[in-house]
1. Which longest uninterrupted range of the chain lacks any trypsin sites (Lys or Arg not before Pro) assigned by DSSP to a loop state (not H, G, I, E or B) and surrounded by at most 15 other Cβ atoms within 10 Å?
2. Can you give the relative contact order of the range 47-90 as a percent, counting alpha carbon pairs under 8 Å and 6+ residues apart?
3. For P(r) over Cα pairs in 5 Å bins from 0, in percent, pick the label among (i) 1, 8, 17, 21, 22, 15, 10, 4, 1, 0; (ii) 1, 8, 15, 20, 19, 13, 8, 6, 4, 3, 2, 1, 0; (iii) 1, 8, 16, 18, 15, 12, 11, 9, 6, 3, 1, 0 that corresponds to the value derived from the coordinates.
4. Loop-only check: which GluC sites (Glu not before Pro) in the range 46-114 are DSSP coil with at most 11 other Cβ within 10 angstrom?
5. Pull out a ≥ b ≥ c, the square roots of the eigenvalues of the alpha-carbon gyration tensor of the range 110-160, then state rounded if a/c is under 1.5, prolate if not and a/b is larger than b/c, and oblate in the remaining case.
6. Cα centroids of the range 41-69 and the range 106-129: how far apart, whole angstrom?
7. Write down the accessible area per residue of the range 1-132 in Å², having rolled a 1.4 Å probe over the full set of protein chains.
8. When the chain is treated as a GNM, springs tying every alpha-carbon pair under 10 Å, which of Gly15, Gly112, Gly125 comes out with the largest mean-square fluctuation?
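The values are calculated or read from the model by the stated rules, or taken from the named source; none is laboratory data. Computed from a predicted model, the values in this text were never measured in an experiment. So basically every Cβ, Gly included, is an ideal-geometry build from the backbone, and we count neighbours across all protein chains shown. SASA here: full protein model, heavy atoms, side chains in, ligands and nucleic acids out. Shrake-Rupley method; radii C 1.70, N 1.55, O 1.52, S 1.80 Å.
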Amino acid sequence: MKKKLEVGQIVNTFGIKGFVKVYPYVNDVTRFNNLKYVYAKSKKEEKKLEIEEVKYQKNMVLLKFKGVETVEEAEKLRNNYLEIDRSDAIPLEEGEFFIADLIGLKVFLDTGEELGILEDIYNTGSKDIYVVKDKLGKSYLLPYIDEVIKKIDLDNSKIIVHIIEGLI
């Protein structure tokens with residue numbers, strides 16, 4: 001399991017006082033109210049940033065970091081991914097999982113045959129779509145519904161699925 005979890009991406013600056021606009025990767029954006037710091041991660045570096053203020057605008061989160069006082073300083077953080085320590089994550093309900101823990105799991109049909117590896121998960125608003133890639137590189141899109149996703153077994157690093165008629 002990963003030690004850190006992505007919670008969003010800085011997509012722009014906001015105003016002239018050093019705020020950044022964050023596209024959140026969490027179900028409940030108000031969870032940013034309880035964070036004291038985040039890790040801003042780019043391809044080159046990772047830095048721990050203390051959160052000074054949190055605001056909301058539509059479906060975006062506006063963050064002000066301690067020490068980031070100008071739009072120019074905020075601009076340097078654009079496109080950084082924001083991560084938190086796993087210990088700072090909100091506890092999950094029964095049957096809920098962190099996407100980071102699911103990516104890379106082997107996916108098996110309920111007949112025992114291996115379908116592929118879970119490569120990505122897209123949220124369509126109403127349900128998640130699991131993207132499974134087989135050994136030949138073919139991708140399968142599986143909706144996260146009870147009829148299709150039968151079991152997620154983190155202990156054995158696998159997902160069991162049932163393919164309903166017309167799905168593949």
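1. The longest uninterrupted stretch comes out as 79-126.
2. 25
3. (iii)
4. The qualifying sites are Glu93, Glu94, Glu96, Glu113.
5. oblate
6. 32
7. Heavy-atom SASA per residue in the range 1-132 reads 62 Å².
8. Among Gly15, Gly112, Gly125, the largest GNM mean-square fluctuation belongs to Gly125.
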